[in-house]
1. Counting only helical runs of four or more DSSP H residues, what would the 222 nm mean residue ellipticity of chain B come to if each run contributes -39,500 (n - 2.57) and the total is spread over all its residues?
2. When a footprinting reagent is the concern and you count Cβ atoms within 10 Å, what order do B:Tyr110, B:Tyr24 take, fewest first?
3. Tell me, what ³J(HN,Hα) does each residue in the stretch B:22-36 have, in order and in whole Hz, if you take phi through Karplus 6.51 cos²θ - 1.76 cosθ + 1.60 with θ = phi - 60° and put x for Gly and Pro?
4. Roughly how tilted is helix A:267-292, in degrees to the nearest 10 and between 0 and 90, from the longest Cα axis of chain A?
5. Counting only other chains, what is the mean number of Cβ atoms within 10 angstrom of the Cβ of each residue in peptide B:104-117?
6. Quick check: from the Cα gyration tensor, does the stretch A:49-168 come out rounded (a/c under 1.5), prolate or oblate?
7. Based on the mean of other Cβ atoms within 10 Å per residue, sort peptides A:362-370, A:239-247 so the most packed one is first.
8. Stretch A:Thr137-A:Asp89 to full length: gain in nm at 0.36 nm per residue minus the Cα-Cα span?
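Please treat every number below as a calculation from the coordinates, not as lab data. This is a predicted model, so every value here is computed, not measured. With ideal geometry, Cβ positions are generated from the backbone for all residues, glycine too; neighbour counts draw on all protein chains shown.
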Amino acid sequence: MMFLAIARKELREAVRDRRSLMSGLLYGLWGPLVMGLALIAMAGHQGDVGSVTVQAEGASQAPGLVAFLASRNVTVAEATGDLAAAVRDRRVPVGLIVRADYPGKFTTSRPAPVELLHDTTWTESARRSAHLRGVLTDYGKVVADTRLVLRGVAPTAVAPLRVLDRDFATPGDRAARMLATLPIFVLLAAFIGGLGVAADAAAGERERGSLESLLLHPVGRLSIVGGKWLTVSLVSVATVTLALLTSVAVMQHPRVKNIDLPIGLSPIDTGHVLLLLVPLAVFAAAVQLSIAFQARTYKEAQTKLSTLIFAPMLPGFLFAFGSIEPAHWMTFTPMMGQHVMLTALVRGEAPTVMNLGVLSAITLAAGAAAWLTAAHQLGRESVLRRANG
Amino acid sequence: MAALHRVDRGDPAMIRVQHIRKQYGSTLAVNDVSLDVPDGMVTGLLGPNGAGKTTTIRAITGLTRPDAGGVEVDGVNVALHPMQARAQLGVVPETIGVYDHLTVREHVEYSAQLQGLSATYVDGRTASLLAQMGLTALAARRAGGLSMGERRRLALARAMVHQPRNLVFDEPTNGLDVMSAREVRREIRRLAAAGCAVLVSSHVMPEVAMLCDRVIVMAAGAIVASGTPAELMQQVGCATLEDAFVRVIGSEEGLN
C-alpha cells in the first residue's frame, strides 16, 4: 500500500502549503455566492417595476398625459436642474421632456413631441424606459381612438390586427435562466478544485528535483501516480462538495427562496449532482496529473492545466450556440454526459440509475486510462530533466 | 551502525555493470562500459562533463534502461527486477530535492515507508539515523529552511534508512562547506569500513584521492583507466591524481 504513504505525504504538503489547496476550495465557496447574488438580481430586475416616479420637464403643458401616467402608477415629478445631464451622468435612470410645442400640436391633432431620456447600457434605465415607453404608447392609442370616434370612424377599422402580448415568465422562470448555467459552473468546480495540487504533485516534484529521489525507491510508477491521483481526487471532490453545500445554503436564503425556482437543490437533487460529479472529479484529477507530468515547472503545468478548464465548458457553449444538439451517445461521454444530465436535472428531470451508472463507469475508466498515461510519463527518461537541465 | 554481513557468493563484486551501451539520438552516451563495485571499499567514478557518469549511475539505479548490456545489484538483474534491485541500493543523487513543507523527521519516515519498512521499525530507525547524521535537533524543522549541508545529510539519512549494502553517491560534497564535506566523507568511509559497496562520482580530485580505494576514469562514454589512485599516478607518471586524470583523458576540457 505504498500509494497510501504517497497520498498521505501529498495531502500533508497540500494542507501545509495552502496556496494550491485554497485556490481550488475558494472557487467552491465564492462561485455559489456569486450565483446567489446573480439569481436575486436577475429575478428582481426583470420583474414588475411597480410604482415608478419619473422626472420630467414641461409636464405642466400635458395635464392629460400626466393624469394617464398617474393612472398607470407612473408619478411625474418636475425635474430640478438639467434633466439630460442627470440621465447622462446616471443620477436619474429615465427622464421625460414635454417640448414647448406639445400643446399646440396636440390640440391641432398633429404628432405632439415628447422625449424619452434613457441609457440602454444601464440595466435599470433600460428597464424603466421600456415600461414608460409602453405606457406612452398606450396613451397615444387612447387619444387616437378618441379622435377617430369623434370623427365618426370606428377605431377597429384602422386596427386590422390586435396583438395580445402574454408573457408567462415569472421571476422564478427568469432566475431559472440564470440557473441554467449551473451545469457549467459545477463542472468547472470538478476541474478547478485539484488544479493547483496536481501541478505541484507532478511538475512541482520535477522542479524541486525530488522526483529522482522518489523514483529511486522500490515503488512502482502506478503506485506513485496512484497516490498522487488519490490526493488530487480528494481535493477535487472536496471542492465539488463545498460548492454544492454552499449552493444549498444560498438556495435556503429567504430572498432566493422567494423566487419560484424549478430546482431547489433538495437532498435528492444534491445527491444526484454529487453522484454525477465525483467520478468526473476523479477523472479530472488523472487527466491533470498526466498533463502536469509533461511540464517541467509548476508554472508551466498551471498554464497547461488552465487551458484544460475550457474543456468542461465546451459542451455548454456548443449546446448554447446551437452548434450541436444533445444526442443519446453524448449521455455516455465524459464531460458531455455530465453536462447533459445536469441540464436535465436543472429542468427537474432526475437521471435514471442506469444512465448514471454507465456514465460513471465510463468516466472512471477514462480516468484509469489517464492514470496509465501518467504512469507511462514517469517511465520516460526525459521526466528526469529539470527546467534548467 | 552495526557491521554488515553479506552472503558469500564467492564473488566480491556487489554492483556489476557489464558491457552497457546507451545512445540518445545521435549521441553515444555510454559505450561498452563494464565495472565492478566491490564490498568494503569506495570506488570512485571520475570523468569530465558528458563522460557518461550520470548515465552509468542511472543505469545502476534502473532509471535508465541500457540499449545493450546489463547491471546486477547483489546478483539481481536491474532491468528485469528494478524494484528488488532498488531495495538493495541507497542512492544520494547530485540534486537534493526536498519537500519544503515536510519536516526532517517526516522526510526520513516517508523514505522508510516507501522502502516498505514496518511502522514499528520506522520510529526507532528514524531516531537513530537522525542522531547518526547530527539531525536530531533539526528533526521538527521543515526542510525548506535547511542549509545545503543539512539537506545533504538529510539525503544521506534517507538513502540509508533501509540499511542498504550498496550505496551510490553522485557528487556527494557538491555545494558543501569544508566542515559539512568532511562529515559526509567520514560517513562514506565508515560505510565502506562496515562492509558496504560504495560508488562515488566526483569532480573533486583531492577528495577522490583521499576517499577512494579504487578509481574508474570515464571519457567520451567509455572507461579509459582504472586502479587505485597510486596505481593511476604511477601508470602515467604524474605526482598528483589531477595531473594523472588530465593525462588519462587526454585533455583539460571538462575539468571543473
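1. On the way: 9 runs with 93 residues, N = 256.
Using -39500 (n - 2.57) per qualifying helix, the result is -11000 deg cm²/dmol.
2. Numbers: B:Tyr110 22, B:Tyr24 13.
Starting with the residue having the fewest Cβ neighbours, the order is B:Tyr24, B:Tyr110.
3. Those phi angles translate into 9, 10, 10, x, 8, 9, 8, 6, 9, 10, 6, 8, 10, 7, 10 Hz.
4. 60
5. On the way: counts 0, 0, 4, 3, 0, 2, 7, 5, 2, 9, 13, 4, 6, 0.
Mean inter-chain Cβ contacts per residue within 10 Å come to 4.
6. Numbers: a/c = 2.37, a/b = 1.42, b/c = 1.67.
The shape class here is oblate.
7. Values: A:362-370: 18.0, A:239-247: 22.6.
Highest-to-lowest ranking by the protection proxy: A:239-247, A:362-370.
8. Working: separation 48, 0.36 × 48 = 17.28 nm, distance 2.67 nm.
Contour length minus Cα-Cα distance gives 14.6 nm.
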